[in-house]
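Comments concern the structure below.
All of the numbers you see were taken from the coordinates with simple rules; none came from a lab. On a predicted model such as this, the values are computed, not experimentally measured, just so you know. Every residue, glycine among them, receives a Cβ derived from its backbone with ideal geometry; neighbour counts consider all protein chains shown.
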Amino acid sequence: MKNSLIVANWKSNKTIPESLDWLSQFVSGFAKTEGKEVILCTSFPLLYPLREQIAQNDLDIKLGTQDVSQFPEGPYTGEVNAGQIKNLATYVLVGHSERRRSLGETEDVIGKKIEQVLEAGLNPVLCVQDENAQIPGRCDIVAYEPPDAISTSGPNSEASDPERIERIASFFKSQRPGLIFLYGGSVDDNNVRRFTEKDSIDGVLVGAKSLSAEEFLRICQNA
Ligand code: PGA
């Protein structure tokens, strides 16, 4: 059976107490299922308390951030650099479409962020919106998310056609053997399996439906 990554993207949601409540609800129903890896990508302030709970309870859950500084440590007020993330998380989302659109992130900046993440020994998850996107050589995980499939993009947004995503996944993999391909955009407990059952799709990136522990649990179970 292939390994599936089920990645939650909480975006800019949850306080520390809310995140700890979420975790205790989630783990009360979560038994690690063979071949599934759960990753929670959260805002920076939630990482330390979540990491403590995960370690104390010996939970098989990994953490990730949703961004990183393009710079190393130094005089960059307000930035969080990759070295600071290193002891807290394992994965870093880079280039999410919301950051490209609302925060003006360019390919150049995204490339620098990936370099920082790799230098710190962390795993970048490069979010791409274009089926012809170039994947930097050392970036092993890509999350393909068509912006109009993201749940907040409009009242009619819906998940992409899994057959189409499978074709895109195999195209990416033909260019980059060994690439881990995730799909994101309106994934829920009803449609998740239609993606994860495809040979070339290695997992999903889940936004809105990861905010409720019960819903995310069902997604993990159904994946
Ligand atoms: P969504 O978000 O699951 O709410 O569509 C996915 C994402 O933006 O990563």
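List of remarks:
- Within segment 88-118, if we keep just the residues that are in a loop (DSSP other than H, G, I, E, B), in contact (Cβ under 8 Å) with a residue 12 or more places away in the chain and away from the ligand (no atom under 12 Å from the Cβ), the residue that is surrounded by the most Cβ atoms within 10 Å (Cβ to Cβ) turns out to be A89.
- Subset tally (residues that are buried (at least 17 other Cβ atoms within 10 Å of the Cβ) and of a type in the set (K, R)) for segment 20-40: 1
- Taking first residues from segment 61-77 that are in contact (Cβ under 8 Å) with a residue 60 or more places away in the chain and crowded, with 21+ Cβ neighbours inside 10 Å and partners that are of a type outside the set (S, T, N, Q) and assigned to a loop (DSSP other than H, G, I, E, B), the Cβ contacts under 6 Å between residues at least 6 apart in sequence or on separate chains come to G64/A89.
- Residues of segment 172-199 satisfying the condition of being surrounded by 17 or more Cβ atoms within 10 Å (Cβ to Cβ), over 16 Å from V38 (Cα atoms) and among the small types (G, A, S): G185, S186
- Matching residues in segment 169-213 - criterion: being in a helix (DSSP H, G or I), away from the ligand (no atom under 16 Å from the Cβ) and either over 17 Å from the mean Cα position of the chain (by Cα) or more than 17 Å from P146 (Cα to Cα) (or both): S170, F171, F172, K173, S174, Q175
- So A133, is it within 16 Å of the ligand (Cβ to nearest atom), of a type in the set (G, A, S) and either farther than 20 Å from V7 by Cα or in contact (Cβ under 8 Å) with a residue 24 or more places away in the chain (or both): yes
- Segment 1-20 residues that are of a type outside the set (A, V, I, L, M), paired with ones that are assigned to a strand (DSSP E or B) and surrounded by fewer than 20 Cβ atoms within 10 Å (Cβ to Cβ) (beta carbon under 7 Å, 6 or more apart): N3/E37; S4/K36
- Hits in segment 123-161 - residues which are surrounded by 19 or more Cβ atoms within 10 Å (Cβ to Cβ) and part of a helix (DSSP H, G or I): A149
- Number of positions in segment 136-152 that are more than 15 Å from the ligand (Cβ to nearest atom) and closer than 20 Å to D108 by Cβ: 4
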